[in-house]
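Let me begin by presenting the structure, written as C-alpha cells, before commenting on it.
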Amino acid sequence: MRKVFQAELHQIGEELIEISQLVTEAIQKANSAFQGADTELAQEVIAADARIDFLQNSLDERAIDILALQGPVASDLRMIVGALRMSASLERMGDLARHVAQLARLRFPANVIPEGIRATFDELAELDVQIAMKVKELLETRKLELINEIGAANARVNELHASVFKAVAADDWTESAPTTVDVTLASRYYERFADHGVSVARKVAYLVTGEWQPVAPLN
C-alpha cells in the first residue's frame, strides 16, 4: 500500500509539471498572437485552455481521493494540500494567457497596444514567459534559488504594470476609450499571471522547507 501511495504522490507531481508546461506554451503563443494580431494562434491558445482545466480537475480529484483514503500526515499532507493550491494557481495562469489571446482576437486586424507603449508590453510578455519557465523548472528540480529569480522578475512586472497606469492617466495620452480599456486589461493580465507564478513558487518553498510565509490572497 505504501508503494501505491508513493506512486500516487509522484503522479500528482508529474501532473503539476505537465500543467506548468502547458501554461508556458499558452503564454508564449498568447504573446505571439497579441504582438502580431494572429487570430489563428489566438484561437489555439483559447482552445488549448480546456486541456489545462481538465488536467487541473483530474489532479484535484486524485488529491482529494488520497486525502480521503490514505490519511496522509506531515510532509505527505503538505504535498497534497500544496498540490491542490498550486494547481489552482496554474489553472488561473492558463486562464490569463487565454485572456491575452482573446484580446488579440477581439481587436483583429489591429494591434491591441499602441506603438508608443509597445516596448513595455514586449517586456511584460517576456518576463511572464521567464516566470512560467522558471516555475516549471522549480517544480521539476525543487531548486529554491529559482524562487528569488521568480520574485525578481515579478518585481519588474509590477514596475511595468504601474508605468502603464501612469501612461494612460497622463495628460498626453490621446488613445480612444476602447484602446485605453484594452491596455489596462492587458497589463492587469500580465501582472496577475506573474503573481500566480510567485504563488506557486512560495508553495514549493513550503513543501521543501515546511515553513510558510503568508501573503495577500490572489484573485
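The values are calculated or read from the model by the stated rules, or taken from the named source; none is laboratory data. Bear in mind the structure is a predicted one, so any value in this text is a computation, not a measurement. As a convention, Cβ positions derive from the backbone with ideal geometry for all residues, glycine included, and neighbour counts pool all protein chains shown. Heavy atoms of the whole protein, side chains included, go into the accessibility calculation; ligands, DNA and RNA do not. Shrake-Rupley method; radii C 1.70, N 1.55, O 1.52, S 1.80 Å.
Name the single residue, out of those in the range 46-80 being among the β-branched types (Val, Ile, Thr) and more than 25 Å from the chain's Cα centre (by Cα), that is nearest to Glu25 (Cα to Cα). Top of the filtered list is Ile66.
Counting the residues of the range 81-107 that are under 11 Å from Ile12 (Cβ atoms), crowded, with 21+ Cβ neighbours inside 10 Å and of a type in the set (A, V, I, L, M) gives 2.
When Arg98 is tested against (1) basic (Lys, Arg); (2) within 21 Å of Gly151 (Cβ to Cβ); (3) modelled with pLDDT of 95 or more, exactly one condition is not met: (2).
For the range 66-78, indicate whether the set of residues that are on the phi < 0 side of the Ramachandran plot, open to solvent by 30 Å² or more (accessible area, probe 1.4 Å) and not in a helix (DSSP H, G or I) is non-empty. It would help to see each step written out before you state the result.
Applying the first criterion (on the phi < 0 side of the Ramachandran plot) to the range 66-78 yields 66-70, 72-73, 75-78.
Then keep just the ones that are open to solvent by 30 Å² or more (accessible area, probe 1.4 Å); that gives 67-70, 73, 75, 77-78.
Retained after the next criterion (residues that are not in a helix (DSSP H, G or I)): 73.
Yes, the range 66-78 has at least one match.
Looking only at residues in the range 140-154 that are open to solvent by 50 Å² or more (accessible area, probe 1.4 Å) and not charged (D, E, K, R), the one that is farthest from Ile12 (Cα to Cα) is Ala152.
If you go through the range 96-144 and keep only what is within 30 Å of Gly210 (Cα to Cα) and basic (Lys, Arg), you end up with Lys134, Lys136, Arg142, Lys143.
With the structure loaded, tell me whether Gln35 is closer than 30 Å to Ile113 by Cα, open to solvent by 60 Å² or more (accessible area, probe 1.4 Å) and over 18 Å from the mean Cα position of the chain (by Cα) or whether it fails that test.
When the stated conditions are applied, Gln35 passes them.
Might you check whether a residue that is under 30 Å from His10 (Cα atoms) and open to solvent by less than 20 Å² (accessible area, probe 1.4 Å) occurs anywhere in the range 164-172?
no
Entry remark, the range 108-126: residues being among the small types (Gly, Ala, Ser) and open to solvent by less than 20 Å² (accessible area, probe 1.4 Å) number 1 in total. Please verify whether the range 199-209 includes one or more residues that are more than 20 Å from the chain's Cα centre (by Cα) and closer than 30 Å to Leu77 by Cα. The answer is yes, given that some residue of the range 199-209 is more than 20 Å from the chain's Cα centre (by Cα) and closer than 30 Å to Leu77 by Cα.
Kindly evaluate Arg51 against the criterion of being without any contact (Cβ under 8 Å) to a residue 40 or more places away in the chain, basic (Lys, Arg), at negative phi and out of contact with any Cys (no Cβ under 9 Å at 6 or more places or on another chain). Reasoning before the result, please.
On the way: without any contact (Cβ under 8 Å) to a residue 40 or more places away in the chain: yes; basic (Lys, Arg): yes; at negative phi: yes; out of contact with any Cys (no Cβ under 9 Å at 6 or more places or on another chain): yes.
When the stated conditions are applied, Arg51 passes them.
Could you check, for the range 196-210, whether at least one of its residues is surrounded by 11 or more Cβ atoms within 10 Å (Cβ to Cβ) and basic (Lys, Arg)? So far as the range 196-210 goes, yes, one or more of its residues are surrounded by 11 or more Cβ atoms within 10 Å (Cβ to Cβ) and basic (Lys, Arg).
Within the range 76-93, residues that are closer than 16 Å to Ala205 by Cβ have Cβ atoms under 8 Å from residues that are among the aromatic types (Phe, Trp, Tyr) in these pairs: Arg78/Tyr206; Gly82/Tyr206, counting only partners at least 6 apart in sequence or on another chain. Just to be sure, is Asp65 under 23 Å from Glu14 (Cα atoms), free of Cβ contacts under 8 Å to residues at least 24 places away in the same chain and charged (D, E, K, R)? Yes; evaluated as a whole, the condition is true for this residue. With respect to Val45, determine if the residue is outside any helix (DSSP H, G or I) and not polar (S, T, N, Q). Against the criterion (outside any helix (DSSP H, G or I) and not polar (S, T, N, Q)), Val45 does not qualify.
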